[in-house]
Structures are given as structure tokens and as C-alpha cells.
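My questions will all concern the structure given below.
The values are calculated or read from the model by the stated rules, or taken from the named source; none is laboratory data. Only a predicted model underlies this, so the values are computations on that prediction, with no experimental measurement involved. Here the Cβ positions follow ideal geometry from the backbone for every residue, glycine too, while neighbour counts run over all protein chains shown. We work out accessible area using only protein heavy atoms, side chains counted, and drop any ligands, DNA or RNA first. Shrake-Rupley method; radii C 1.70, N 1.55, O 1.52, S 1.80 Å.
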Amino acid sequence: MAQRPPRRTTRKTLFGVAAFVALATLNAPAVAGFAQHAYHRWEVNQPEYKAKYGHWALADLPKKYQLNSIHAILLHTGKVLLIAGSGNSVKQFDGGVFRSTLWDPTADTFKKIDTPADLFCGGHAQLPDGNVLIAGGTARYEVLKGDVKRAGGAMLVKNEDPDRARTFPKGTVFRSPSGVEYRSRFAVRVPPAKKTPTGRGGNVKVTASEARVFVEAVDEGPLSITNTTEQYAIQGLKGTDADNLYGIANKLGLDKKDFQGIKDAYEFDPVTEKYTKVASMHEARWYPTLTTLSDGRVLAVSGLDDIGQVVPGKNELYDPQTKTWSPAPTRYFPTYPSLFLTGRQKVFYSGSNAGYGPADKGREPGLWDLGTNTFTPIGGLKDPDILETSSSVLLPPAQDKKVMVLGGGGVGESRAATSRTAIVDLDAERPAFTTGPHLPMNTRYLNSVILPDDTVFTTGGSSGYRGKGASDILKAQIYTPATNTFAPAAEPSVGRNYHTEALLLPDGRVAVFGSDPLFADRADSRPGRFEQRVEVFSPSYLHHGERPDLALGSRVEVEHGGQVVLRTTDPTGISRVRLIRPGSTTHVTDFDQRSVALDITRRADTELTVSVPDDASLVPPGWYMAVAVNAKGVPSPATWIHVFA
């Protein structure tokens, strides 16, 4: 179990501080507390402390660029794209205020980015050309039972015309036989009815097509509630159109309305620093996971749909060449499932997820073969019912094919939480989880970040749901896969729970963003406030002396199986080189991070040559940070390499 870092001091300093604290205690406990805090502030800034535990510092984020960071994505320019969208603010959503900020951590500069839609709680993934795909987001905020003023729900729009598709705009009115009217919240396209030959004299059977749309009553109040199946006329249609096109709904009520997703998808270009709209998904998604596959296509799964239900296993694939979507194998997952590419047609689901979905469906870890659409469950996990809001990470180096699950909570607002960690070796003949070392406390919302020295930095989280009861955990740890142990790291000063992200920066530091607590006090009597401060951790390796230098000695682009020449003033001092995929994270789920070991095949006076593995499932096409590490475990600043298929 990780322990709090001990505090070292000289005898003289300790005597002086102790005497001051004793005197202050006799006069005023508050003064004693201040003295202890001042001493700790002094201690954590000492070189010996930093060299053992690392160091935290707050980034200077100017007020006009501050935002509710929901998504953090490292770009191949070295900048970080922070996306808030509406930032979990109904006021911002209703006002159409959607925000993104671009942060350059090297120059410490900021830029506002025009944000075309509410990308709040969408999914994202790195594309082969360096663009970032962002898909899904928010069409409607959750409304709790008792606050719902207009009856509403799902309506099927039917089309019995086999010769013509029809599109109905947002706001289309549907009228029941008794005259109650409902208005559509979104536009809806209904394809032509299906013709099926009957084989009798050229006759055909016509089967009505249908499309679903969410509707709300025009008038407020309980008089618009219906619990029976009704057929609804579409306002403005006449003659045969009125006969062929109509709505069907089973229940339209004042029950709780969940968040609803959008179908929109965009690519963000790190060079032009702009969003560009691409083809929309077939399904609306809020809280989806996007995973880049070995051929560069992106798999999109799960999310809440356009009526607020978990997408029922209808997955899809994005092709960055055509910028279009196509159907993918069907499989149900709860929202934001943690998926890891482990083969050319294989994806591992760790069981970690961020919420929505029934407790007994889609939560079992396993290997998913996309080619055959078969799913092989993987057992051995302790507390398998406490995986929601857990963290999962592909341990470095990625060649080992080991995935670690850390912490987690019960489904929904459950008070259950765990300090359990577990590891599965996917290369084993019969993969199964084995229990790893425990975290210091039961922890939800833990962030886990792969470091260049083949360790994993973990930080933050809370023991309670969204930090309830002032349960944020001000601790950080370093996990070493080689020894299967945790070691304490310097403690952060900012609590982090729901809506938190952490990223490895090209200079070797880790930036931590966000946090969205429900309450601001232990008694849960005051509403919480979104945390907009950015805290940056400098690992201990940045305090171990001079860093190796690294630069490209050949072209920036390399094929799988190709070689790259790297220049350094001390090639013989380099013990390893890692290829690290830039992270893209939200809800403590990182869609991209992985660290790949490179073979060092040749050394010269000022050069070393490394080989990129010839396995696109190990190194998905895209941009990577190349980092050299010396014998002391000190990494170089990253240099960027583009790996293409």
C-alpha cells in the first residue's frame, strides 16, 4: 500500500519549527496550523524532496481562457485542446455557448477556438494524419422527475410510400385523435417504404419504413400524458401524404428525461486549429467511446441516443479516407467503455466504464473479435460489480499486452468503492485477472498516465460519488510494472473527481484538468463548483540531473517496420527509446495512450537507429512522441514521428 511521503528535515530546522509550533499551539491552534502548512510548503520545494517525490505547480491560466475542461487532447503540435462544449451548464447550453481552448504548455500561451456544436461528453480519437475525430455530444440536458413540465418520449414516424423518402424538420407537430399536440425536438428523415415481390403476377408487398424522434407536448401539464398506443397525424400533410405518413407512440409522460446525444462528427486540424464537419454518425451518441483500429478506421460504440437510452449495440466505423460512417459488428456496452486495441481485428474491454446502463448488462470484461463478432469473457476480477468510474491502462511497454484496472465504484450513485487493482496478461494461454497492489484508499475517478520510464502515474479521485462528503483524495502514486508496486508521489493541492482528465506532455510533465463535484462541503449542503485550475506534476525523473537530448536525424515519417535515425550527444548513454501515442482523455478514460518499446539496432558517435514494429495493431497509424531514456531513468523531451500504414 502506498504511504504518504515522509517529511525530511535538518535537525536545526526541525527544532526551530517545532518550537514555533509549540508556542503557537499554546496561544492559538490556527497559528499552529498555519505554521505546519508553511513548513510543508517549504519542504515540498526542496531539491531532495522533488528528486524523490516530484513536484506540483499550478499553471497560470488567464481568466478569459478558463473553461470547464471535459475533454483534453494532446496534438502533434505539442499543444493541448481543451473542450468544454456547454461544460455541464444548462445555462451555457440554452444560450448556445460552446467553448474550446488551445493551450501551448511550452510557450504557456492560450487561444480560444470557435466550437461549432455542443461537444460536451462526446468521444474522440487520434486519426492517422494527425487530425482528431470528435463525434457525438449533447442534444438535451437531463431533466429530473418533478422538473419535467411537458409530457414527451419516443415517437416512430411511419412512411407507407415506397417511392419517396421524407424529411421533417425540428418542430414538426404531431396531433393525437383527441387533439393533443406534440412537437419534434429534432429533424427526422424517414426512408421510403420497402417493396417485396410476392411472386404472384408481379405484385409487391409494401412494408412501412420508420424512424424514431423525440417529441414533447406543445402544452405544459399532465393533460398531455398518454399511456396508450396512439396514431398521430402530421400537421400540414394532406391527401395521400396524410395517409402514408403518420406517427406512432406508446407512452408520452412526465417521467425523468435523460441526456440525449447528437449524431454530429468533426475533425479538428492541429495545423489550422479549426473544426471541420464530416459526415454524421448513424446513431446519436452521448458518452461514446472511440477507438482507432490498426487500419486507421475508428470504431464508435455505446453512448446515450436521441431519446436518452443506451445505444443498443449499434456500433459503427469511421473511415478517415472517405470521411463517412458504416455499420460495425453489433455488441452492447455501457457508456464510455474502456477499449484497447490488441490485434488487427481484436479489442479488449476491461470492464471500466463511466456510468449509464443496467448493472447486469455489458459489464463483463472480455476480448472482442470484430472479424467474427465473438466475445470471450475474462474472469478472475475481484469486485467485478465495482468497475464503474474505474481507471484502466495498457501497461508499458505495450508489447507485454498487460492491462491494469484500478479502483472504481458501484453502479450509479452507489456508495460502494474499492482500492482494488488487477492485471490481466492478454498474451497468456488463458488470460485471467490477478490481483495487484491496493491503492491507498477506496478510489473512484482515478487518473492513470503512462510515463516514459515505463511507470504509470496515478492521481486524484474521490472515495465518494462525485466527491460527496468532501471525499476527494489528495494523493498520487507511481506504479512500476516491473516490480508490481506503488510508490508515493508528491501530493496534489487540488481535489479531482468527476469530469477530470490527465495527460502526459511532450516535456515529460503531467497536466491535470477539471473536476465537477456535486457539493462544496462535508455536509453536502452547498453546491459544488467546477474546478478550472490546471495543476502540473513534474515527476521525480525531471529532478535527477541533466536530461538526454534527442532530435530526428532522418525524415519525420516512417512506415511500419521502418527505421528512424535519432541524433543525441550521448547515444551510448541511452538505455531505451519509447514511442508514446498522444493521449485523448475524458471521464478518466484515455482513448489513445500507449507506450511502445523500440529496438535500438545501431549506435554511432552522435546517432542511434531505432526500428518501428511491423504491427499496426501494436502501433496504430498516427503521430507519436519518441522519447529516449538514460540509465538513470531520465527521459529526453519528446520529438514527434509520424507512423503511416
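Report, to the nearest whole %, how much of the accessible area of the chain belongs to carbon and sulfur atoms, 1.4 Å probe, protein only.
The computed percentage sits at 51.
Right, here's the next one. Would you mind checking the tilt of helix 29-43 against the longest principal axis of the Cα atoms of the chain, expressed as 0 to 90 degrees and rounded to 10?
Between helix and principal axis, roughly 80 degrees.
Still on this structure, please answer the following. 5 Å is the cut-off here: which amide hydrogens, built 1.01 Å from N in the peptide plane, fall below it relative to residue 395, excluding neighbours closer than 5 in sequence?
402, 403, 404
Skipping prolines and chain starts, which residues have an amide H placed within reach, meaning under 5 Å, of the one on residue 204, given they are 5 or more residues away or on another chain?
198
Can you give me the convex hull volume of the Cα atoms of region 448-498, divided per residue and expressed in Å³?
Per-residue hull volume (Cα only) is 81 Å³.
Hey, can you rank 571-580, 376-385 by average C-beta count inside 10 Å, highest first?
Per-residue Cβ counts within 10 Å, averaged per peptide and sorted highest first, yield 571-580, 376-385.
Give the peptides 44-55, 102-113 in descending order of average Cβ contacts within 10 Å, highest first.
Ranked from most to least packed, the peptides come out as 44-55, 102-113.
Report residue 473's accessible area, 1.4 Å probe, all protein chains in place, as a number in Å² to the nearest 10.
Approximately 10 Å² of residue 473 is accessible to the 1.4 Å probe.
Hey, what do the phi angles of region 566-575 turn into as Karplus ³J(HN,Hα) couplings, whole Hz, using 6.51/-1.76/1.60 and θ = phi - 60°, x for Gly and Pro?
Calculated HN-Hα couplings, in order: 10, 9, 7, 6, 9, x, 6, x, 7, 9 Hz.
Given a 1.4 Å probe and the protein chains all in place, what does the accessible area of residue 536 round to, in Å² to the nearest 10?
We get 10 Å² for residue 536.
Also, I was wondering about something else. Quick one: helix 11-27 against the long Cα principal axis of the chain, what's the angle to the nearest 10°, folded into 0 to 90?
Helix 11-27 and the main axis of the chain meet at about 60 degrees.
Separate question: With each pseudo-label sitting 7 Å past Cα toward Cβ, what's the residue 565-residue 425 distance in nm, one decimal?
Computed distance between label sites residue 565 and residue 425 equals 4.0 nm.
Follow-up. Heavy atoms only, 1.4 Å probe, whole protein assembly: order 413, 501, 160 by accessible area, highest first.
The residues order as 413, 160, 501, largest area first.
To continue, here is another question. Among residues other than residue 66 whose Cβ falls under 13 Å from its Cβ, what is the net charge (Lys/Arg +1, Asp/Glu -1)?
Net of charged neighbours comes to +4.
Another question about this same structure. Given +1 on the Cβ of Lys and Arg, -1 on the Cβ of Asp and Glu, and no further charges, what dipole in debye does region 477-586 carry about its Cα centre, rounded to the nearest 20?
60
Could you calculate the contour length gain from residue 482 to residue 114, that is, 0.36 nm times the residue separation minus the distance between their Cα atoms, to one decimal place in nm?
128.0 nm
As I understand it, the dipole of the chain uses +1 on the Cβ of Lys and Arg and -1 on the Cβ of Asp and Glu, about the Cα centre. Which of 143, 600, 47 lies farthest toward its positive end?
After comparing all options, I get 143.
Something else about it: Can you give the FRET efficiency to the nearest 0.05 for residue 359 and residue 250, using r as the Cβ-Cβ distance and R₀ = 22 Å?
Result of the calculation: an efficiency of 0.30.
Give the residue list of trypsin sites (Lys or Arg not before Pro) in region 590-645 that are DSSP loop and have at most 16 other beta-carbon atoms within 10 angstrom.
The qualifying sites are 632.
How far apart, in nm, are two points set 7 Å out from the Cα along the Cα-to-Cβ line at residue 196 and at residue 94?
Inter-label distance under the simple model: 4.8 nm.
For the chain, what does -39500 (n - 2.57) per DSSP helix run (n ≥ 4), summed and divided by total residues, give at 222 nm, in deg cm²/dmol to the nearest 500?
Computed mean residue ellipticity for the chain: -2500 deg cm²/dmol.
Sticking with this structure for a sec: In nm², what is the average projected area of the convex hull enclosing the Cα atoms of region 484-541?
So the mean shadow area of the Cα hull is 5.5 nm².
State, as an integer percentage, the relative contact order of region 511-645 based on alpha-carbon contacts under 8 Å between residues 6 or more apart.
26
Further, regarding this structure: Assigning unit charges at the beta carbon (Lys, Arg +1; Asp, Glu -1) and nothing else, what dipole magnitude in debye, to the nearest 20, does the chain show about its Cα centre?
So the magnitude is around 960 debye.
Evaluate the Kirkwood expression for the hydrodynamic radius of the chain, namely the inverse of the mean inverse distance over all pairs of different C-alpha atoms, and round to one decimal in Å.
The Cα-based Kirkwood calculation yields 26.5 Å.
What does the charge add up to near residue 626, with Lys and Arg as +1, Asp and Glu as -1, over the other residues with Cβ less than 12 Å from its Cβ?
Result for the local shell: +4.
Here's something else I'd like to know. Suppose accessible area is computed on protein heavy atoms with a 1.4 Å probe; arrange 438, 71 from highest to lowest.
Final ranking, largest accessible area leading: 438, 71.
Order 441, 404 by their accessible area, 1.4 angstrom probe, all chains in place, largest first.
Greatest to least solvent exposure: 441, 404.
Another question, then. With unit charges on the beta carbons (Lys and Arg positive, Asp and Glu negative) and the dipole taken about the Cα centre of region 94-211, which residue among 203, 171, 101 sits farthest to the positive side?
Positive-end residue among those listed: 203.
Before anything else, pin down the relative contact order of the chain: Cα pairs under 8 Å, at least 6 apart, normalised by residue count, whole percent.
After rounding, I find 13 percent.
Hey, rough spin-label estimate for residue 319 and residue 533, points 7 angstrom out along Cα→Cβ, what's it come to in nanometres?
5.0
For region 546-645, with only Lys/Arg (+1) and Asp/Glu (-1) charged at the beta-carbon, what is the dipole magnitude about the Cα centre, in debye rounded to 20?
With Lys and Arg at +1 and Asp and Glu at -1, about 200 debye.
Between residue 544 and residue 38, what is the FRET efficiency for a Förster distance of 22 Å, r being their Cβ-Cβ separation, to the nearest 0.05?
E(calc), rounded to 0.05, equals 0.20.
What whole-number value in Å² describes the accessible area per residue of the chain for a 1.4 Å probe?
With the other protein chains kept in place, the chain gives 42 Å² per residue.
Still on this structure: Taking 0.36 nm per residue of sequence separation and subtracting the Cα-Cα distance, how much length would be gained by fully extending the chain between residue 243 and residue 57, in nm to one decimal?
Additional length available on full extension: 60.2 nm.
Can you give the Kirkwood hydrodynamic radius of region 524-640 from its Cα pairs, in Å with one decimal?
16.1
Ignoring everything but the protein chains, give the 1.4 Å probe accessible area of residue 557 in square angstrom, nearest 10.
Result for residue 557: roughly 90 Å² accessible.
Where the centroid of each part is defined by its Cα atoms, how far is region 573-614 from region 392-428 in Å?
Their Cα centres are 23 Å away from one another.
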